[in-house]
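Novice: After the structure tokens below, expect a handful of questions from me.
The values are calculated or read from the model by the stated rules, or taken from the named source; none is laboratory data. None of the values given here were measured: they were computed from a predicted structure. Backbone-built Cβ (ideal geometry, glycine too); neighbour counts: all protein chains shown. Accessible surface areas use protein heavy atoms only, side chains included; no ligands, DNA or RNA. Shrake-Rupley method; radii C 1.70, N 1.55, O 1.52, S 1.80 Å.
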Amino acid sequence: MLSYDPTPAFAAAQDAADPLAHFRHEFLFPKGSDGQPVAYFCGNSLGLLPKAARAAAEQEFKAWEERAVEGHFTGDQPWMTYHEALAGATARVVGAQPDEVVVMNTLTVNLHLLLVTFYRPTAARYKVLMEAGAFPSDQYALESQARLHNLDPTAVIVEIAPRAGEHTLRTADIEAKIAELGDSLATVLFGGINYYTGQVFDMQAITRAGHAVGATVGFDLAHAAGNVPLHLHDWDVDFACWCNYKYLNAGPGGSSGIFVHERFANRPDLVRLAGWWGHDQAQRFQMKKGFQPMSGAAGWQLSNGQILTLAVYRASVALFDQAGGMRALRAKSEQLTGYLEFLIGQLHLPTSRLEIITPADPAQRGCQLSLLVHERGRELFDYLAAQGVVADWREPNVIRLAPVPLYNSFEDVYRAGAALQEFYNQQ
Ligand SMILES: *Cc1c(COP(=O)(O)O)cnc(C)c1O
């Protein structure tokens, strides 16, 4: 266990000893009003631009310019099978086998596609369990899925909230709720990490509990993919999806990933919304009637790949392998986040003024700390911004700070701590 010091010398020494420190130079940082790079803590919202992204996109522009339609079939990575080139690195980030993942579309679109397959309500089994306060897009997706089946969303969606006086959910309470819903439960849909509190849910326990009552279990990993180690295959999760523009740094509106467990790889009988790109590759261009899905997650593809976006993703996801994978990143992440927590503790503020609502247990959090600021929260947020500390504000009074191990330094974290200290010294 590292013992922390609230000094710039300590932060500098940590950075000097950090084997991942140089990855920071693979990214471009926005500049603050002083012309210096900001201390960026918004990787949970939009990851920074990897320097390699431009060249990767340029390579595809060049292929388009020079070979046009031939680009589908020729070159270093033909567009027709582009998704295959992404599967290995993607699978390693989420703990899957390569054919269990595919990168396509955007997150909410993919959530709908997966729910079409995995939420199959019957008269008796039609409920969906979600965490209360799930990301709004997930709530709207679920409401509209209920309507798609001519069901009343309020009868379908069951939300589980933290106990009174608590900010996060207890695994035992989630398990108990699943058992209580029993035969009426069709699907469990949870965030892998709640976007607001930063709580990591015990995905393995939730999956086990869901399967025990015969429900399908899926996760929205928008805040988990590229943040914490995941073992989707071994946890036996049925399905998952995530966006790649948060911790995976693939750019605004960038592509999304899906996971479908290999148990469903060769199940052409599963109901799905189909398109030609999910059709058996060997026969795709015979343009025949009768959809026959490719095996694995690729069988959920609809359209030919969005190559310019996927090229950026290919460059950004490659950094995860270069950094030694999620295990190496996680080791640094725990220290960075621990340091931020330590510096916030040094403010010695009563919880009536400021409290961290993210779990204190490192196993139950990723790299985000959510600060519930009971007084003058917006002022604090604006003060941080003026000091070049980029955080994010969630109504009504939460500031989220996410030190990302790929590009944040201990000095960045020190800077955030110092800015917080200055704000409260002025009070
Ligand atoms: C960021 C986020 C989204 C965003 O969805 P898009 O379809 O990519 O716009 C959805 N769900 C969760 C849980 C998120 O964190």
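Novice: So which of M80, M104 is in the same structural domain as A297 (by TED's automatic domain parsing), within 19 Å of L310 (Cα to Cα) and surrounded by fewer than 18 Cβ atoms within 10 Å (Cβ to Cβ)?
Specialist: One residue alone meets the criteria, M80.
Novice: Look at D183 and say whether it is farther than 22 Å from L230 by Cα, open to solvent by 10 Å² or more (accessible area, probe 1.4 Å) and either more than 16 Å from the ligand (Cβ to nearest atom) or in contact with an Asp or Glu (Cβ under 9 Å, 6 or more places away or on another chain) (or both).
Specialist: On the way: farther than 22 Å from L230 by Cα: yes; open to solvent by 10 Å² or more (accessible area, probe 1.4 Å): yes; either more than 16 Å from the ligand (Cβ to nearest atom) or in contact with an Asp or Glu (Cβ under 9 Å, 6 or more places away or on another chain) (or both): yes.
Considered against the rule, which asks whether it is farther than 22 Å from L230 by Cα, open to solvent by 10 Å² or more (accessible area, probe 1.4 Å) and either more than 16 Å from the ligand (Cβ to nearest atom) or in contact with an Asp or Glu (Cβ under 9 Å, 6 or more places away or on another chain) (or both), D183 comes out as yes.
Novice: Ok, one more. Of all residues in region 1-45, count the ones that are within 17 Å of L319 (Cβ to Cβ) and open to solvent by 60 Å² or more (accessible area, probe 1.4 Å).
Specialist: Residues flagged as within 17 Å of L319 (Cβ to Cβ) and open to solvent by 60 Å² or more (accessible area, probe 1.4 Å) within region 1-45 amount to 5.
Novice: Go through region 360-427 and tell me which strands (runs of 3 or more DSSP E), entirely inside it, have 2 or more residues that are open to solvent by less than 10 Å² (accessible area, probe 1.4 Å).
Specialist: In region 360-427, the matching strands (runs of 3 or more DSSP E) lie at 369-373, 398-401.
Novice: Being away from the ligand (no atom under 11 Å from the Cβ), open to solvent by less than 10 Å² (accessible area, probe 1.4 Å) and either without any contact (Cβ under 8 Å) to a residue 40 or more places away in the chain or farther than 16 Å from C42 by Cα (or both) is the filter here; which residues of region 235-251 pass it?
Specialist: Answer for region 235-251, where residues must be away from the ligand (no atom under 11 Å from the Cβ), open to solvent by less than 10 Å² (accessible area, probe 1.4 Å) and either without any contact (Cβ under 8 Å) to a residue 40 or more places away in the chain or farther than 16 Å from C42 by Cα (or both): V237, D238, F239, A240.
Novice: Let me ask something else. Please state which one of T74, T108, T81 is of a type in the set (S, T, Y) and closer than 26 Å to L189 by Cα.
Specialist: Going through T74, T108, T81 in turn, the sole match is T108.
Novice: May I ask you to verify whether F291 is surrounded by fewer than 19 Cβ atoms within 10 Å (Cβ to Cβ), in a loop (DSSP other than H, G, I, E, B) and free of Cβ contacts under 8 Å to residues at least 24 places away in the same chain?
Specialist: Considered against the rule, which asks whether it is surrounded by fewer than 19 Cβ atoms within 10 Å (Cβ to Cβ), in a loop (DSSP other than H, G, I, E, B) and free of Cβ contacts under 8 Å to residues at least 24 places away in the same chain, F291 comes out as yes.
Novice: List every residue pair whose Cβ atoms sit under 7 Å apart, with the two residues 6 or more apart in sequence or on different chains, where the first one lies in region 324-345 and is hydrophobic (A, V, I, L, M, F, W, C) and the second, anywhere, is surrounded by fewer than 18 Cβ atoms within 10 Å (Cβ to Cβ).
Specialist: M326/P229; L343/P6
Novice: How about region 252-272: which of its residues are open to solvent by 20 Å² or more (accessible area, probe 1.4 Å) and within 16 Å of the ligand (Cβ to nearest atom)? Write out each step before concluding.
Specialist: Initial filter on region 252-272 (open to solvent by 20 Å² or more (accessible area, probe 1.4 Å)): 252-253, 262-264, 266-272.
The answer is P252, G253.
Novice: Hey, A91 hits all of (1) open to solvent by less than 50 Å² (accessible area, probe 1.4 Å); (2) in contact (Cβ under 8 Å) with a residue 12 or more places away in the chain; (3) touching a strand residue (DSSP E or B) at 6+ places or on another chain (Cβ under 6 Å) but one; which does it fall short on?
Specialist: Evaluating A91 over (1) open to solvent by less than 50 Å² (accessible area, probe 1.4 Å); (2) in contact (Cβ under 8 Å) with a residue 12 or more places away in the chain; (3) touching a strand residue (DSSP E or B) at 6+ places or on another chain (Cβ under 6 Å) leaves (2) as the failure.
Novice: Can you tell me which residue among V128, V200, V156 is open to solvent by less than 50 Å² (accessible area, probe 1.4 Å), under 15 Å from V217 (Cα atoms) and either without any contact (Cβ under 8 Å) to a residue 60 or more places away in the chain or under 23 Å from the mean Cα position of the chain (by Cα) (or both)?
Specialist: Going through V128, V200, V156 in turn, just one is open to solvent by less than 50 Å² (accessible area, probe 1.4 Å), under 15 Å from V217 (Cα atoms) and either without any contact (Cβ under 8 Å) to a residue 60 or more places away in the chain or under 23 Å from the mean Cα position of the chain (by Cα) (or both): V128.
Novice: May I pose another question? Looking at (1) more than 16 Å from the ligand (Cβ to nearest atom); (2) assigned to a strand (DSSP E or B), which is the one condition that is false for A123?
Specialist: It fails just one condition, (2).
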